[in-house]
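Report on one structure; see the data block that follows.
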Amino acid sequence: MRISRSAACLAVAIAAVCLSGLSGCTKADGASQTSLTVTGSTTVLPIAEVAAEDFQTANPGKRVLVAGVGSSAGIESVANGTSDIGTSSRDLKPEELTLGLVDTKIALDAIAVIVNPSNPVTGLTKAQVSDIFQGKIKNWKEVGGPDLEIGLVNRDEASGTREAFSKFVLGKADFDPTAAVLPGTGQVRSVVAQAAGAVGYISLGFVDSTVKALDVDGIPANEKTVADGTYPLWRNLHFFTKGEPKGLVKAYIDYVLSDEIQNTIVRDAGFLPITAGGK
Amino acid sequence: MQSRERMDKRITNGVALGVIWLAAVATVAALGTILVYVIVNGIGQLTPAFIFGWPHGVNMEGGIWPTIQATLYVTALAMLITTPIAVLAAVYLAEYAVQGRLVSTIRFAADSLASVPSIVMGLFGLALFVEGIGMGFSVIAAALALSFLLLPIIVRTTEEAIRAVPKYIRWGSYGLGASKWQTVSRIVLPSAMPRITTGVILAAGRAAGETAVVIYTMGTMINAPVSPLDPGRTMPVHLMLMAQEGINMPAAYGTALLLVLMVLGFNLTARYIGRRNRRMQG
Amino acid sequence: MADNKQAQAPEPDVTPYASDSSLSTISKATYFKEAALRNLFLLCACVAVAGVGLIFLFVGLKGWPIFEKVGVWQFLTGATWYPTKGSFGILPLIVNSLLAMAGALVLGAPLAIGTAVFLSEVASPRLRELVRPAVELLAGIPSVVYGFFGLVLLRPIIARLFGGLGFGLFTVWLILAVMILPTIAALTEDALRSVPEGIREASYAMGATKWQTIWRVLLPAAKIGIIDAIILGMGRAIGETMAVVMVAGNARVIPDGIFKPFLTLTTVIVMDMPYASGDHRTALFGVAIILFIISMLFVASIRVISRFGKEMG
């Protein structure tokens, strides 16, 4: 139970985020810095925010202001100096490579295709997954399963997971518009866990015994296959800085990369520690 | 022949009354199911740590105190804003108004306001208070939007309360030479006060449970608001977000139970005041 | 519970004693004070009118650009809602909202009227003390709690019983029916209570059973009030958001079954608003103003029916 002091820190941090938002107080300067701004991906936001809160508790007097505005906006704002760290759930685009940004990967995000444990299907090819989520395949018997209608579960359009899944699996194609659209990972998981014909996708870190993760193209979905890169549906989460990180920025990034944070906050958010490997 | 008709009548009567009983039972059963389910699943969460603690971590473990504070704050502020206006409006409609175009329009407007979908009210609050006037996500923006929602409710209950004051009391007052305002303020309103209070408290319960209005005017940030310009996340909003995210379901159940208890509290208090009043009036 | 009662107000007990009577001996100061107070109260009453106007103004203004861009007709009748690809037709949403409302009514209205009849005609005073608070409590439960309940308890049960995911019209009907029940029941009970006692006595005196009295005498007599109640319930059903969004499944199409996910006028706003920008956001305000107009149409129709009913005597 934490009240009063850490609550005050949290309140101050969050109030400051709310008031200053993108405006970013200080530029990356080095050792004399007492506050830093972190903006970018809403997927990375949970890690950045909670790590910021704990960092501030551990380093009184230092402030870390976090905002979630989207990967592109985050990259832009660190490139033009408005913020110290730009977080991103995607790699740099070709035109962004010349901005002089240094990439520090801080976590792995792997997406698992999940089905109900009672479903005898154990794996699908990526093409089959794509067809199912486009609505072209409507019954499990078409992919070697029982004669059961497929209950398609999608995420909302604001979801970073949906965006990633779409990029990995669908490419340019659209999701089946008759799919159920659910606004949260936990909901997707519990719906798939309770409906025999359901299929959905969630971050690998959130897969538990209530659902079954399918093999994709023959590769099972687990930490090892993500770490050695064989599992196809994964991406890095990035902290971008202008030039090498120094001073307070480096301290914060090191903090996020520390074993303790990697194994608590990163996993709590459903991701895998970057130390698990990955390219 | 006649006795068969009588039998048919009686059979139909029995069956129909049975169906009516069934309807009533189904209603009470629906309430019971919801309450029991929320209580059973949420009761484990009601520890001091949950009620007075703060949420922390990615999945909002811990407590929900800031949401409780936010809920109470915005409800109190909304009632403060809307009650005087609504009561005076009801006084007008009950004591001064003469049937006519203006009164018809007012009533139509009040009824329209009462049936506005709350999400429309939320967008209205966003458009006018948050963005238009520039208050940003704040308690005051939410309170103002809520007060439009609550206004017709309180007007209606207050008007009925005023009308329920017997005529002879007014006659007596006028007979003594009192002016209209003296009569209203010293005789009618005090007499109607318990009923008015009941209506106000019930409206407060409605305000506390509102989600769609609050989410677009107060935001979703975890914060224990201090100034009316502070944003915050109320309990209904927190419940919705926890349920949607789906990861921390115990917190969702706990919030649901606390919310239901709060509304129940409002309800029972209002009922208690009403019963005391009825007993006093003999 | 009478806070939804249609305000068919009788003439207020306006005693002109203190302000108009030539026999009055009040001073000029008091007269002006009285007039000022009267105007203050009038101002307060007009806040309601101001409110409606402001809602129209601000929501309408924010939504207007989409009507300009797409055309009101195209917006209302377009069959595809796919804002990220530039399609802004809300016809599927309108149809879905109507479907949700209709089913909720079919389920909820008979239940509500039955409960009201129970409270007004059948129940003993002690039973009444038990059931009426139950109805009032049902009215007080926040809609988000209803949605939550539907999500965690109803949905899995329906998925297990009927297959599919458990989202869809059927689940929404169940939840909405329980939500509009208190509204319809309270008003129906009021309507039944205002039928004069003498009519009941006459009916019994002629040898009618209780049910015959209810069905052939009382319900027809209370017809206008009951219709009002139902229309109010309709308005509530079509305007409900939080409870629906958690159990509807939110697919932006007209569902091809009652266990298939769907999106309504209200749920589209709450689903899309967090990330909508530009035309998409404007379109959502457009949907909001349509919802507002629909709800005002319901209110207006109640007035029309009441006036019509009164003329019929």
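Report yes if B:MET218 is of a type outside the set (Asp, Glu), more than 20 Å from B:ALA76 (Cβ to Cβ) and within 14 Å of chain A (Cβ to nearest Cβ), otherwise no.
Taking the combined requirement at face value, the residue does not satisfy it.
From B:VAL188, B:VAL139, B:VAL165, B:VAL130, which residue is more than 8 Å from every other protein chain (Cβ to nearest Cβ) and at pLDDT 95 or above? If you could, list the steps in order and put the result at the bottom.
Working: B:VAL188 fails: at pLDDT 95 or above; B:VAL165 fails: at pLDDT 95 or above; B:VAL130 fails: at pLDDT 95 or above.
After ruling out the rest, the residue left standing is B:VAL139.
Condition first: farther than 30 Å from C:SER277 by Cβ, within 8 Å of chain B (Cβ to nearest Cβ) and either in contact (Cβ under 8 Å) with a residue 12 or more places away in the chain or in a helix (DSSP H, G or I) (or both). Can you find one or more residues in segment C:91-111 that meet it?
Yes, there is a match, as at least one residue in segment C:91-111 is farther than 30 Å from C:SER277 by Cβ, within 8 Å of chain B (Cβ to nearest Cβ) and either in contact (Cβ under 8 Å) with a residue 12 or more places away in the chain or in a helix (DSSP H, G or I) (or both).
Scan segment A:118-128 for residues that are surrounded by 13 or more Cβ atoms within 10 Å (Cβ to Cβ) and either at pLDDT 95 or above or assigned to a helix (DSSP H, G or I) (or both) and report the count. Quick ask: steps written out before the conclusion?
First pass over segment A:118-128, keeping only residues surrounded by 13 or more Cβ atoms within 10 Å (Cβ to Cβ): A:119, A:121-126, A:128.
Okay, now just the ones that are also either at pLDDT 95 or above or assigned to a helix (DSSP H, G or I) (or both), so A:126, A:128.
Within segment A:118-128, residues that are surrounded by 13 or more Cβ atoms within 10 Å (Cβ to Cβ) and either at pLDDT 95 or above or assigned to a helix (DSSP H, G or I) (or both) number 2.
Just to confirm my filter: which helices (runs of 4 or more DSSP H) fall fully inside segment C:198-313 and include at least 3 residues that are away from chain B (no Cβ under 13 Å) and surrounded by 18 or more Cβ atoms within 10 Å (Cβ to Cβ)? Full working, then the answer.
Values: elements: C:223-239, C:242-247, C:265-272, C:279-312.
So the answer is C:223-239.
Going by the structure shown, is A:SER83 crowded, with 21+ Cβ neighbours inside 10 Å and in a loop (DSSP other than H, G, I, E, B)? Please lay out each step first, then the result.
Numbers: crowded, with 21+ Cβ neighbours inside 10 Å: yes; in a loop (DSSP other than H, G, I, E, B): yes.
Yes; evaluated as a whole, the condition is true for this residue.
Identify all residues within segment A:54-67 that are in contact with a Gly (Cβ under 9 Å, 6 or more places away or on another chain) and either surrounded by fewer than 22 Cβ atoms within 10 Å (Cβ to Cβ) or over 16 Å from A:ILE253 (Cβ atoms) (or both); write none if there are none.
Passing the criteria: only A:ALA67.
Looking only at segment C:123-179, how many residues end up being away from chain B (no Cβ under 13 Å), within 18 Å of A:ASN116 (Cα to Cα), touching a helix residue (DSSP H, G or I) at 6+ places or on another chain (Cβ under 8 Å) and assigned to a helix (DSSP H, G or I)?
4
For segment B:80-122, give me each residue that is under 22 Å from C:PHE285 (Cβ atoms) and in a helix (DSSP H, G or I). Write out each step before concluding.
Step one: list which residues in segment B:80-122 are under 22 Å from C:PHE285 (Cβ atoms), which gives B:109, B:112-122.
Once the filter is applied, which keeps residues that are under 22 Å from C:PHE285 (Cβ atoms) and in a helix (DSSP H, G or I), segment B:80-122 yields B:ALA109, B:SER112, B:LEU113, B:ALA114, B:SER118, B:ILE119, B:VAL120, B:MET121, B:GLY122.
Might you let me know whether segment A:13-23 holds any residue that is more than 21 Å from the chain's Cα centre (by Cα), at pLDDT 75 or above and not assigned by TED's automatic domain parsing to the domain that holds A:ARG155?
no
Can you find a residue that is under 25 Å from B:LEU77 (Cβ atoms), within 17 Å of the chain's Cα centre (by Cα) and buried (at least 23 other Cβ atoms within 10 Å of the Cβ) anywhere in segment B:131-142? So that I can check it myself, show each step before the final result.
Taking segment B:131-142 and keeping what is under 25 Å from B:LEU77 (Cβ atoms), we get B:131-142.
From what's left, within 17 Å of the chain's Cα centre (by Cα): B:142.
Subset that is buried (at least 23 other Cβ atoms within 10 Å of the Cβ): B:142.
For segment B:131-142, residues under 25 Å from B:LEU77 (Cβ atoms), within 17 Å of the chain's Cα centre (by Cα) and buried (at least 23 other Cβ atoms within 10 Å of the Cβ): present.
Anything in segment C:134-193 that is of a type in the set (Phe, Trp, Tyr), out of contact with any Leu (no Cβ under 8 Å at 6 or more places or on another chain) and modelled with pLDDT of 95 or more? List them, or say none. So that I can check it myself, show each step before the final result.
Filtering segment C:134-193 down to residues of a type in the set (Phe, Trp, Tyr) leaves C:146, C:148-149, C:162, C:167, C:170, C:173.
With the extra rule that they be out of contact with any Leu (no Cβ under 8 Å at 6 or more places or on another chain), the set shrinks to C:146, C:149, C:162, C:167, C:170.
C:TYR146, C:PHE149, C:PHE167, C:PHE170, listed by residue number.
Looking at (1) touching a residue at least 60 places away in the same chain (Cβ under 8 Å); (2) among the aliphatic types (A, V, I, L, M); (3) surrounded by fewer than 24 Cβ atoms within 10 Å (Cβ to Cβ), can you tell me which one B:LEU268 breaks?
(1)
Taking the stated definitions as given, is B:LEU77 part of a helix (DSSP H, G or I), at pLDDT 95 or above, more than 9 Å from chain C (Cβ to nearest Cβ) and surrounded by fewer than 19 Cβ atoms within 10 Å (Cβ to Cβ)? Before the answer, list the steps.
On the way: part of a helix (DSSP H, G or I): yes; at pLDDT 95 or above: yes; more than 9 Å from chain C (Cβ to nearest Cβ): yes; surrounded by fewer than 19 Cβ atoms within 10 Å (Cβ to Cβ): no.
Criteria not met by B:LEU77.
Return the only residue of B:THR27, B:THR105, B:THR33, B:THR83 being within 12 Å of chain C (Cβ to nearest Cβ) and crowded, with 22+ Cβ neighbours inside 10 Å.
Going through B:THR27, B:THR105, B:THR33, B:THR83 in turn, the sole match is B:THR27.
Return only the number of the condition from (1) touching a strand residue (DSSP E or B) at 6+ places or on another chain (Cβ under 7 Å); (2) within 22 Å of A:GLY160 (Cα to Cα) that A:PRO117 does not satisfy.
Of the numbered conditions (1) touching a strand residue (DSSP E or B) at 6+ places or on another chain (Cβ under 7 Å); (2) within 22 Å of A:GLY160 (Cα to Cα), the odd one out for A:PRO117 is (2).
Does segment B:52-71 hold any residues that are in a helix (DSSP H, G or I) and in contact (Cβ under 8 Å) with a residue 40 or more places away in the chain, and which are they? Break it down into steps so the answer makes sense when it comes.
Narrowing segment B:52-71 to residues in a helix (DSSP H, G or I): B:52, B:65-71.
Of everything in segment B:52-71, those that are in a helix (DSSP H, G or I) and in contact (Cβ under 8 Å) with a residue 40 or more places away in the chain turn out to be B:TRP65, B:PRO66, B:THR67, B:ILE68, B:GLN69, B:ALA70, B:THR71.
Tell me, which helices (runs of 4 or more DSSP H) lie completely within segment A:170-274 with 3 or more residues that are within 14 Å of another protein chain (Cβ to nearest Cβ) and more than 17 Å from A:ASN154 (Cβ to Cβ)?
A:259-263, A:265-268
The values are calculated or read from the model by the stated rules, or taken from the named source; none is laboratory data. Predicted, not measured: the structure shown is a model, and the values here were computed from it. Note that each Cβ is placed from the backbone with ideal geometry, even for glycine, and that neighbours are counted across all protein chains shown.
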